[in-house]
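What follows is a single structure, written as structure tokens, with notes after it.
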Amino acid sequence: MAAKLRCAVIGLGMGRGHIAGFREHPEAEVVAVADTDAAKLEKFRDELKLPAVYTDPLEMIARERPDVLSIAVPNKFHAELTIAGLEAGCHVLCEKPMAMNATEAETMLAASRRCGKRLGINFSYRFNPQAYAMKQIVDSGRIGNIYFARTVWMRRRGMPGFGGWFGTRELAGGGPLIDLGVHRLDLALWLMGYPEPEWVMGATYDKIAGPIAAKSGKKFDVEDFACGFIRFKNGASLEIDASWAGNIKEREFMQTRLLGDKGGLLHRNLNESYEFKLECFEEIDGCQFDTELHPPVPECHKSYYTFIDAIVKDVPFTVAPEEGVTVMRLLDAIYESARTGAPVHID
């Protein structure tokens, strides 16, 4: 019987989900965890039954030599730690966004190719039954050619904490667009088949969170709302909205809508929660029909399990790193368009 894949995780914020996800796979074991916050390591060491723990992630990589490395730290450190892991011989699963910008993302992709190791990006919203079913429907040709999509993640008041790294451009690279919007952008692009972008328009605003942060004396130098419009070379288009603070009815609102020439699909959250619904809208023999997905839903493992499975079975992972680079190029373009007020053409 082959030895289990030895997994290590950097970061005990989102990384706690990575630990649990790896442990679900029978061919994986978590052998080490690193976090620069010693108090956090101590807090979770017994609760999560952590094996070896480190405050220096590079020391952990050098000593443990894991087969699989998971990166769940502030965006600023994604590229550095991913490349260190790849060069040490690890397959790497990196949290979204892939990097701070497309240039960093491209260096990560190049390192993966140079080292001959897998690089996965944790676009976790692909890994739920409703999204999986949507992909099956799209790939079957049932809704035809997709010519338009709109993808949204908005919160009424859902800033991730003033004074923390999420609201600091130096550590995060941006606000809700790079935090929330990145998930819905990838989901829409994946369902559309990742068409080649032609040009991008974007705008960002800071009308609510900025004044609140200023009153509390906390640093906040990113947007609280962003929107973008992407035109693709095949003629299709995509709208994206992302916000931590907007005057809307819902506490949490997520939606990805696809319009095809034969039908339409809608993926949305229920009851302002992280439970999702899939609906399909079609015309059959001149009549309008609406259907929705009911249990039992398609079997769908989380990204962590799927990444291990891809390594064990030597098959492609659901998220190609090239797609992560494309997402970063689009995010960069939206921010650049917002800064200049002009469209940004994608080479």
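Identify all residues within the range 1-28 that are under 15 Å from PHE307 (Cβ atoms) and open to solvent by 20 Å² or more (accessible area, probe 1.4 Å); write none if there are none.
LYS4, LEU5, ARG6, MET14, GLY17, ALA20, ARG23, GLU24, PRO26, GLU27
For the range 78-116, which residues satisfy the criterion of being surrounded by fewer than 22 Cβ atoms within 10 Å (Cβ to Cβ), free of Cβ contacts under 8 Å to residues at least 40 places away in the same chain and not charged (D, E, K, R)?
ILE83, ALA84, ALA88, GLY89, THR103, THR107, ALA110, ALA111, CYS115, GLY116
Among the residues of the range 127-140, count how many are in contact (Cβ under 8 Å) with a residue 24 or more places away in the chain, out of contact with any Leu (no Cβ under 9 Å at 6 or more places or on another chain) and open to solvent by 30 Å² or more (accessible area, probe 1.4 Å).
Qualifying residue count for the region: 2.
What's the number of the condition SER124 fails, among (1) within 25 Å of TYR305 (Cα to Cα); (2) crowded, with 21+ Cβ neighbours inside 10 Å?
(2)
Mind checking which residues of the range 164-186 are assigned to a helix (DSSP H, G or I), within 14 Å of LEU331 (Cα to Cα) and open to solvent by less than 10 Å² (accessible area, probe 1.4 Å)?
Within the range 164-186, ALA172, PRO176, LEU177, ILE178, LEU180, GLY181, VAL182, ARG184, LEU185, ASP186 qualify.
Could you tell me which residue of the range 29-45 is most open to solvent (accessible area, probe 1.4 Å), considering only residues that are within 25 Å of ILE308 (Cα to Cα) and part of a helix (DSSP H, G or I)?
Restricting to residues being within 25 Å of ILE308 (Cα to Cα) and part of a helix (DSSP H, G or I), the top hit is ARG45.
Here is a yes/no grid of residues against (1) among the β-branched types (Val, Ile, Thr); (2) in contact with a strand residue (DSSP E or B) (Cβ under 6 Å, 6 or more places away or on another chain):
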site: VAL53; (1), (2): yes, yes
site: ASN75; (1), (2): no, no
site: ALA84; (1), (2): no, no
site: GLU95; (1), (2): no, yes
site: ALA110; (1), (2): no, no
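Taking the stated definitions as given, is LYS219 open to solvent by 60 Å² or more (accessible area, probe 1.4 Å), charged (D, E, K, R) and in contact with an Asp or Glu (Cβ under 8 Å, 6 or more places away or on another chain)?
No: the conditions fail for LYS219.
Residues checked against (1) surrounded by 21 or more Cβ atoms within 10 Å (Cβ to Cβ); (2) farther than 19 Å from LEU185 by Cβ:
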{"position": "ARG231", "(1), (2)": "no, no"}
{"position": "GLU239", "(1), (2)": "no, no"}
{"position": "LEU259", "(1), (2)": "no, no"}
{"position": "CYS287", "(1), (2)": "no, yes"}
{"position": "THR291", "(1), (2)": "no, yes"}
{"position": "HIS294", "(1), (2)": "no, yes"}
{"position": "VAL319", "(1), (2)": "yes, no"}
{"position": "LEU330", "(1), (2)": "yes, no"}
{"position": "ARG339", "(1), (2)": "no, no"}
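The values are calculated or read from the model by the stated rules, or taken from the named source; none is laboratory data. Computed from a predicted structure; not experimentally measured. Positions of Cβ are generated from backbone atoms using ideal geometry, with glycine treated the same way; all protein chains shown enter the neighbour counts. These area figures cover heavy atoms from the full protein model, side chains too; ligands, DNA and RNA do not enter into them. Shrake-Rupley method; radii C 1.70, N 1.55, O 1.52, S 1.80 Å.
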